Amino acid sequence: MILIDTSVWIEFFRGKEPYFSKLVGLIEASDVIAHEVVFGELLQGCKNKSEIAFVIDYWESLNKIVSNGSFIQASKLSFENKHLEKGIGIIDSILISETKQRNLKLWTLDKKILKLLQTQHIYQL
């Protein structure tokens with residue numbers, strides 16, 4: 001399964017290639033897992049009710065991870081690996097922690113996150 005970061009979803013919702021067509025294929029193959037913190041970020045950036053409904057429709061249709069202790073686990077990981085000193089906030093720490101704990105691949109455009117993951121946990125086009 002591939003966990004999709006906010007940065008990729010934004011490019012997808014803007015219809016930018018190759019993100020749009022690749023993510024459509026992954027969604028159709030049920031290879032995508034969404035995390036509620038990512039969709040929380042997406043909802044926070046919506047400009048109107050129509051955009052909110054659009055994002056929620058995607059959320060409801062995807063396999064998902066909900067925050068069942070992930071904030072605590074990620075905070076410990078962040079402390080142990082000094083994420084704050086590396087410019088990695090709690091949301092990104094959650095994604096890193098979930099990726100490692102669940103043996104997922106993370107698709108992100110964030111170079112800071114990519115530096116902290118091993119190759120087997122990075123989704124590449």
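The values are calculated or read from the model by the stated rules, or taken from the named source; none is laboratory data. Please read these numbers as outputs of a predicted model, since none were measured by experiment. Cβ coordinates were reconstructed from backbone atoms using ideal geometry, including for glycine residues, and neighbour counts include every protein chain displayed. Just the protein is used for accessible areas: all its heavy atoms, side chains included, with ligands, DNA and RNA removed. Shrake-Rupley method; radii C 1.70, N 1.55, O 1.52, S 1.80 Å.
Taking only the alpha-carbon atoms of the chain, what semi-axes of the equivalent ellipsoid follow from 5 times the gyration tensor eigenvalues under a square root, in whole Å, largest first?
23, 16, 14
For region 20-125, carbon and sulfur atoms together expose 52% of the accessible surface, with a 1.4 angstrom probe and every protein chain in place.
Once C-alpha pairs closer than 8 Å and six or more residues apart are averaged by separation and normalised to the residue number of the chain, the relative contact order reads 30 percent.
Ligands, DNA and RNA are left out, and with a 1.4 angstrom probe the accessible area of region 25-110 is 58 Å² per residue.
Note that region 18-28 has calculated 3J(HN,Hα) couplings of x, 4, 4, 5, 5, 5, 4, x, 5, 5, 4 Hz, one per residue in order, obtained from phi through the Karplus relation 6.51 cos²θ - 1.76 cosθ + 1.60 (θ = phi - 60°); glycine and proline are x.
Amide H contacts under 5 Å for Ile122: Leu106, restricted to partners 5 or more places along the chain or on a different chain, H placed in the peptide plane at 1.01 Å from N.
Paramagnetic label reach from Lys115 (point 7 Å along Cα→Cβ; backbone nitrogen cut-off under 11 Å): within region 69-100, residues 85-88.
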